[in-house]
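The next block holds one structure in the form of structure tokens; read it before the comments.
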Amino acid sequence: MATKFNQAPEGFEKWVKAQQELTKEIAHRNHLDRNIEAIGEILFGSNNGVKVLKTIRQVGQPLVDDWDCLMALVGIYKQHCGSLSRYGIKHMRAFANMCNAGVGKDQMAQASTNACT
């Protein structure tokens, strides 16, 4: 997105449009990151939330133990918080870690509701 802004053709209107698109995209990404972080804090506490969400499993272990759980939690997030977008795919590990920690659908729905409203 920054490349698009920097390569915007000359002309004030086109430059302004490129700047607005960049600002909108950055705001969306920041909002999405804050939502995921807030969900982690709600589920695991303010001291452990980010730590749990960013945990990397040992080599040889799958990303998630229960793929149905992963798909369900992502669906619940989308329902309460909106689309993840291409950028949001980077948070799949966080959703997987929620499943691996035993977060259920009801917990996720409540945390998503609280974080995203």
### Task
Within the range 45-56, identify whether any single residue is open to solvent by 80 Å² or more (accessible area, probe 1.4 Å) and outside any loop (DSSP other than H, G, I, E, B), and answer yes or no.
yes
### Message
If a residue must be in a loop (DSSP other than H, G, I, E, B), under 10 Å from the mean Cα position of the chain (by Cα) and loosely packed, with under 14 Cβ neighbours inside 10 Å, how many such residues does the range 80-103 contain?
### Response
1
#### Entry: Any pair with Cβ under 8 angstrom, 6 or more apart, that starts in the range 28-50 at a residue that is over 16 Å from R86 (Cβ atoms) and in contact (Cβ under 8 Å) with a residue 40 or more places away in the chain and ends at one that is open to solvent by 40 Å² or more (accessible area, probe 1.4 Å) and among the charged types (D, E, K, R)
F44/K51
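The values are calculated or read from the model by the stated rules, or taken from the named source; none is laboratory data. This one's a predicted model, so the numbers in the text were calculated from it and none came from an experiment. For neighbour counting, all protein chains shown are included, and Cβ atoms are generated from backbone atoms with ideal geometry for every residue, glycine included. What goes into the accessible areas is simple: the full protein's heavy atoms, side chains included, and nothing from ligands, DNA or RNA. Shrake-Rupley method; radii C 1.70, N 1.55, O 1.52, S 1.80 Å.
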